[in-house]
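K.L.:
Attaching a single structure in C-alpha cells format; questions to follow.
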Amino acid sequence: MKYYITTPIYYPSGNWHIGHCYTTVICDALARFHRMQGEDVYFLTGTDEHGQKVEKEAAKKNVTPKGFVDPLVAELKDVWRLLDISYDRFIRTTDEDHVKCVQRIYQKLYDSGDIYKSEYAGYYCTPCESMWTVAQLKDGKCPDCGREVTLQKEESYFFRLSKYAPRILKLYGDNPEFLQPKSRVNEMVNNFIKPGLQDLCVSRTTVKWGVQLPFDKKHYAYVWIDALSNYISALGYLSEDDTLFRKYWAADLHLVGKEIVRFHAIIWPAILMALGLPLPRQVYGHGWLLIGGDKLSKSKQDAVKKDLTDPYELVKRYGADAVRYFLLREIPFGSDGEYTNERFLMRVNADLANDFGNLVSRTTAMISQYFGGVLPEQDADEGVDKELISLADGTFAKVKDAMARLNAPDALGAVFALVARANKYIDETAPWSLAKDESKRRRLGGVLYRLAECVRMTAVLLKPFLTRAPEIVLKGLSCDESAGFDTLTFGRLKAGTGIEKIAPLFPRIDVKKELAEVEKLVNAKKEAKKEEETNMPTEITIDDFAKVEIKVGEVIACERVEKSDKLLHETVKIGDEVRSVVSGIAKYYTPEEMVGKKVLVVTNLKPVKLRGVLSEGMILCAEDKDGNLALVSPEKPIASGGSVR
Ligand code: ME8
C-alpha cells in the first residue's frame, strides 16, 4: 500500500520558530509510522519562494530574489536535519521541473477554457499573498492578518472557480473524510462557498518574480496556484517521466495549518477537478502554537521576552527527541495550544526524564546488578503480571487507532500509559526486596524479564515519534534497531540476551533554574539583534537617493571665514551659476589649494548661514576612521555643471 503525505511548502521567511516545526514534525511521525507498517511512503516538503513579498524584500536588500531566498532555504533544511525530518523530496518552487510543470498546468487549463482573460480590481495583502474583494475586507484591512491592503487593477487571467462550487459542496457532503476536523467544513461552506465563490484571478503583470505564463509572457502565475501545484509537480505530473505521479497520486494527506485550509479545500480540489485528476483523500487543518494567546509568528516572535522559540536553540539545549515529543504530545490535535518554555520543560521532565527515562535506567540497572547484565527467564505469570502483559500487547492497537485519526497526542498517551503501568509494576513487585531472598530469585528474574519486554516494546512503539532514544534502548537490549511493529508481541526477548546498563536518556531539568537561564539567553539574543540592527546603515530606496542633486563645480575663489579655524568660504562655479559655499575643511586645505579644484556639490540643500556667511550647497569629502579627509573629485576631466548619478 502507498501513502503520500505532504506538508505545506514554507515561505522562506527566516526567523524560523517552533510553530513552523509543528506541521512538519507531525507529518514526519506519520510518515515514519506508515513506513513501519510496511507501506510505501512518499513524504514531501519544501519552500514556496515566488511572489511580491520576496521580490520586495530582495529589492530592499539589493540582492536578486534567488540570492535572497537561497540562504533562508538552507537554514530551513538545517532545521529539518536537526529534527530528523525524513522527507523524500524537498521541493522548491524555483526548481526547474516545478516551473515547467506549473506552465504546463496553466496551458492545459487555458486550452480547456478553465482559464480566461479579463480585468481584475481588488485588494491585495502582500504578506498573505491574498486578493480580497471589498466585501471581504475587515475594517478595510486584510481579514486574515489585519494588515493594510493595496488596491490593484490589472489585466488578468481568471480561473473558473465559481463553476466548481456545486462539485465542492457535493465533495464535502459525500465524503466527510475529505476535510477534517469537521468544524473546518462549516467554516468553508459558511464563509466562502455560500456567500458565492468568485472566479479566481490567477495571473499578475506587476509581480515578476514568479512563473511566466506560456501563452502570455507579460503574465506571471499567482503564487497560490504555483504553490499548490507542488503537490503534483514533485511527482513529475505532465513531465517526461511521471512514474512517481502514477505511483503516488492522489495524496493521502495534505496536513496544513488552519489558516490555509481555504486554499487546500476549495481552490486545490477545483484545480484538480479542472485537470481531471483524482482528489486527495484528506486535507487536515491543524491548530496553532500560541504565545500569549496569539499565533506564534515571525512578527510576534520579536515581542517574545521569556520564551525560547528558536528551534536551533531548543534542539541544542534539550535534543531533537524532546522538541519532537513536546510538539507531538502537548498540543491537542486539531486545536490551538499555548507554548511556553515552562510547559515544554514540565512535559519533557515528567514524561521523558522521569517516566520513560526512569523505567529504562531502573530496569537495565537492576538486570545488571542482580543478573550480571544477562536477561533472566520469565517465570509463571501471576495476576499482576498478566495485567501488565495484556496492556503491553494491547498498546499497539491503541496507537494504530490514534494514528489512523492522525492523533499523535492520543497515540503517545497510550504508549505512556504502558510506561506508567510498568513503573507501577516496579513499585508493586519491589524487585529490591525480592533480591534479598534467594528463594525468590526466579520470581525476581521473571519480574525483570517482563520489565525488559515493556522497555523493548515501548522503544519500538516510540520509533515514529522519537528518533534517538529508541535506538539507544534497542541497542542496549541487544535488539535489532530496525525492529518493526511485527515485533510487538510480548515475550520475544530471549532469556540469556546481554542487557547493557543504559545511562539516563534525558537529563532531569531544574525547571526554575533553567527558566531563569533561558530568560537571560532570550534577552541577550534580543540585545545582540538590536545592536546589529542599529549598527546597520539605514536603508533608503533609489527614489530617496534620487532626491539628492549633486553637481560638478569648480572653485573659482576661496578665503577663510573670519574668527573660525574650521571653515572655508568658497565661490563655486556650477555650469552657468555661481554659488557661495561654506565648508568645514580649513584644517585640511588652504584657500590657495582650493582654487581651481573640481569638486562635487550637493546643490538642492536648503541654504543656511554659517558664521554669517551664506552657504548654498555642500562640497563632498571622504573621511576615514583615522580622521584623514579628502575632497571627492571627478576621476576624469568633466565640465562644471555636470550632474552626478
Ligand atoms: O502558508 N503554529 O507557508 P508558511 C502552528 N507557503 N503551525 C504554524 C505556526 C504556528 N504558530 N506558524 C506557522 C504557507 N505554522 C504557504 C503554504 S502550501 C501550497 C503553501 C505552519 O510558511 C502553518 O500553519 O506561512 C503552515 O502549515 C506551515 O507552518 C507553513 O506556513
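The values are calculated or read from the model by the stated rules, or taken from the named source; none is laboratory data. This structure is a prediction, so every number in the text was calculated from the model and none was measured. All Cβ positions, even for glycine, are placed from backbone atoms using ideal geometry, and neighbour counts span all protein chains on display. SASA here: full protein model, heavy atoms, side chains in, ligands and nucleic acids out. Shrake-Rupley method; radii C 1.70, N 1.55, O 1.52, S 1.80 Å.
K.L.:
Using a 1.4 Å probe, how large is the accessible area of residue 621, given in Å² and rounded to the nearest 10?
P.N.:
Here the residue's solvent-accessible area equals roughly 50 Å².
K.L.:
Moving on. Can you list the residues, at least 5 places off or on another chain, whose amide H is less than 5 Å from the amide H of residue 42, using H built in the peptide plane?
P.N.:
So residue 42 has HN proximity to 3, 4, 5.
K.L.:
Within the set of other residues whose C-beta is less than 11 Å from the C-beta of residue 36, count the net charge using Lys and Arg as +1 and Asp and Glu as -1.
P.N.:
Neighbour charge sum, excluding residue 36 itself: +2.
K.L.:
In percent, how large is the relative contact order of the stretch 423-554, given Cα pairs closer than 8 Å and 6 or more residues apart? Don't skip to the answer; put the middle values down first.
P.N.:
Working: 56 pairs, mean separation 19.9, N = 132.
Value for the stretch 423-554: 15 percent.
K.L.:
What are the ³J(HN,Hα) couplings of the stretch 305-312, residue after residue, when phi is run through the Karplus curve with 6.51, -1.76, 1.60 and θ = phi - 60°? Round to Hz, x for glycine and proline.
P.N.:
9, 10, 9, 7, 10, 7, x, 4
K.L.:
Helix 320-330: angle to the longest alpha-carbon principal axis of the chain, degrees 0 to 90, nearest 10?
P.N.:
Result, in degrees: 80.
K.L.:
Would you mind calculating the gained length between residue 97 and residue 427 on full extension (0.36 nm times residue separation, minus the Cα-Cα distance), in nm to one decimal?
P.N.:
Numbers: separation 330, 0.36 × 330 = 118.80 nm, distance 6.01 nm.
The span from residue 97 to residue 427 would gain 112.8 nm if fully extended.
K.L.:
How high is the relative contact order of the chain? Use alpha-carbon pairs under 8 Å, at least six apart in sequence, and give a whole percent.
P.N.:
About 12 percent, as a whole number.
K.L.:
If you keep only loop residues by DSSP, which GluC sites (Glu not before Pro) in the stretch 434-540 have at most 11 other Cβ atoms within 10 Å of their Cβ?
P.N.:
For GluC sites (Glu not before Pro) across the stretch 434-540 that sit outside H, G, I, E and B with at most 11 neighbouring Cβ atoms in 10 Å, the list reads 539.
K.L.:
Something else about it: Which cross-chain or sequence-distant (5 or more) residues have an amide H under 5 Å from the amide H of residue 296, H modelled 1.01 Å from N in plane?
P.N.:
289, 290, 291
K.L.:
Considering only protein heavy atoms and a 1.4 Å probe, what is the carbon-and-sulfur percentage of the accessible area of the chain?
P.N.:
Ligands and nucleic acids excluded, carbon and sulfur give 51 percent.
K.L.:
Past 30 Å, Cα to Cα, is the threshold; run 182/295; 61/551; 400/475; 194/298; 566/606 against it and keep the listed order.
P.N.:
The pairs that break the limit, which is 30 Å between Cα atoms, are 194/298.
K.L.:
Against the longest principal axis of the chain, how steep is helix 408-429, in degrees 0 to 90 to the nearest 10, with axes from Cα atoms?
P.N.:
Between helix and principal axis, roughly 50 degrees.
K.L.:
Another question, then. Quote the FRET efficiency, to the nearest 0.05, computed for residue 485 versus residue 438 with a Förster distance R0 of 35 Å and r equal to the Cβ-Cβ distance.
P.N.:
E(calc), rounded to 0.05, equals 0.30.
K.L.:
What FRET efficiency comes out for residue 240 versus residue 40 if R0 is 30 angstrom and r is the Cβ-Cβ distance? Round to the nearest 0.05.
P.N.:
0.85
K.L.:
Same structure again: Convert each backbone phi in the stretch 150-165 into a coupling constant with the Karplus relation 6.51 cos²θ - 1.76 cosθ + 1.60 (shift: θ = phi - 60°), then list the ³J(HN,Hα) values in order as whole Hz, x for Gly and Pro.
P.N.:
In residue order, the calculated couplings are 10, 6, 10, 9, 6, 6, 9, 9, 10, 9, 6, 5, 4, 4, 8, 3 Hz.
K.L.:
In deg cm²/dmol and to the nearest 500, what is the mean residue ellipticity at 222 nm of the chain if only DSSP H runs of at least 4 residues count, each as -39500 (n - 2.57), divided by the residue total?
P.N.:
Values: 23 runs with 260 residues, N = 645.
Helix contribution divided over all residues of the chain: -12500 deg cm²/dmol.
K.L.:
Where does helix 96-111 land angle-wise versus the long Cα axis of the chain, in degrees 0 to 90, nearest 10?
P.N.:
Its long axis makes an angle of about 80 degrees.
K.L.:
What relative contact order, as a whole-number percentage, does the stretch 1-63 give when Cα pairs under 8 Å and 6 or more residues apart are counted?
P.N.:
50
K.L.:
Can you put 81, 329, 324 in order of accessible area, largest first, using a 1.4 Å probe?
P.N.:
Of 81, 329, 324, the descending order of accessible area is 81, 329, 324.
K.L.:
So what's the chain giving for Rg/Rh, alpha carbon basis, Kirkwood Rh from the mean inverse pair distance?
P.N.:
On the way: Rg = 33.7 Å, Rh = 29.7 Å.
That ratio equals 1.13.
K.L.:
Per residue, how much accessible area does the stretch 93-141 show when a 1.4 Å probe rolls over the protein heavy atoms, in square angstrom?
P.N.:
That works out to 49 Å² for each residue.
K.L.:
Let me ask you something else. Tell me the per residue accessible area of the stretch 433-524 using a 1.4 Å probe; a whole number in Å² is fine.
P.N.:
Values: 4420 Å² over 92 residues.
Heavy-atom accessible area per residue stands at 48 Å².
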